[in-house]
Amino acid sequence: MMNMASDRKPSRCWSNEPATLIGDAAHALTPNLGQGACMAMEDALALANCLTSTQSVATGFRLYEAKRYPRVRNAIWRSRWLGEVGQWENRAVVAARNAVTRILPGRIFECHSSFPQLMSALAGQPANSLPEAELL
């Protein structure tokens, strides 16, 4: 039997005072999206912003979990789904999958916000309020 990469159901709680988890420690996902390190950096930025905008560390941790959970859940689901589809073995099904993916626009398979939208969401600001230099 082949060992396959696996993830785990995302937890809503990543913190236990006075510590919290980020990246794969908080929300492991399979490598199909290639987003592991990127998600950890997003977590770090979101956590920093949450801690600076709240009165207590515990409140900052709860805000961080609440802000990150939807994106994390989506990334875990998409990565799992891509892994399953990519490992289909039935020749007819694989041929059909390949034919369909060739004719669909590539945009359908993109699962991430544009960079400016993502950075502004992590910073807790509207996308048009951040200067271009801050987005890079």
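Ignoring ligands, DNA and RNA, what percent of the accessible area of the range 1-110 is carbon or sulfur (1.4 Å)?
Details: 4290 of 7300 Å².
Carbon and sulfur together cover 59 percent of it.
Given a 1.4 Å probe, how much area per residue of the range 4-65 is accessible, in Å²?
Working: 3470 Å² over 62 residues.
Accessible area per residue: 56 Å².
Using DSSP to call loops (not H, G, I, E or B), can you name the GluC sites (Glu not before Pro) in the range 3-108 whose Cβ has at most 16 other Cβ atoms within 10 angstrom? Numbers along the way, then the final one.
Details: sites: Glu42, Glu65, Glu84, Glu89; in loops: Glu89.
Counting only loop positions with at most 16 other Cβ atoms within 10 Å, the GluC sites (Glu not before Pro) in the range 3-108 are Glu89.
Report the accessible area of Arg68, computed with a 1.4 Å probe over the heavy atoms of all protein chains in place, in Å² rounded to the nearest 10.
Rounded to the nearest 10, that gives 10 Å².
Rounded to the nearest 10 Å², what accessible area does Leu33 show when all protein chains are kept and the probe is 1.4 Å?
In the full protein context, Leu33 sits at about 30 Å².
Using 0.36 nm per residue of separation minus the Cα-Cα distance, give me the extension gain between Arg91 and Ala19 in nm, one decimal. It would help to have the intermediate numbers written out before the result.
On the way: separation 72, 0.36 × 72 = 25.92 nm, distance 4.86 nm.
Between Arg91 and Ala19, full extension yields an extra 21.1 nm.
How long is the gain from Ile103 to Trp77 if the chain were fully straight, where each residue apart is worth 0.36 nm and the alpha carbon distance is subtracted? Mind dumping the intermediate values first?
Working: separation 26, 0.36 × 26 = 9.36 nm, distance 2.36 nm.
Here the segment from Ile103 to Trp77 would lengthen by 7.0 nm.
Quick one: order Asp24, Asp7, Asp43 from most to least accessible surface, probe 1.4 Å.
Values: Asp24 85, Asp7 35, Asp43 0 Å².
Listed by decreasing accessible area, they come as Asp24, Asp7, Asp43.
The values are calculated or read from the model by the stated rules, or taken from the named source; none is laboratory data. From a predicted model like this one, the values you see are computed outputs, not experimental measurements. Cβ atoms come from the backbone with ideal geometry, glycine included; neighbour counts cover every protein chain shown. Ligands, DNA and RNA are stripped out before the accessible areas are found, and what is left, the full protein with its side chains, is counted by its heavy atoms. Shrake-Rupley method; radii C 1.70, N 1.55, O 1.52, S 1.80 Å.
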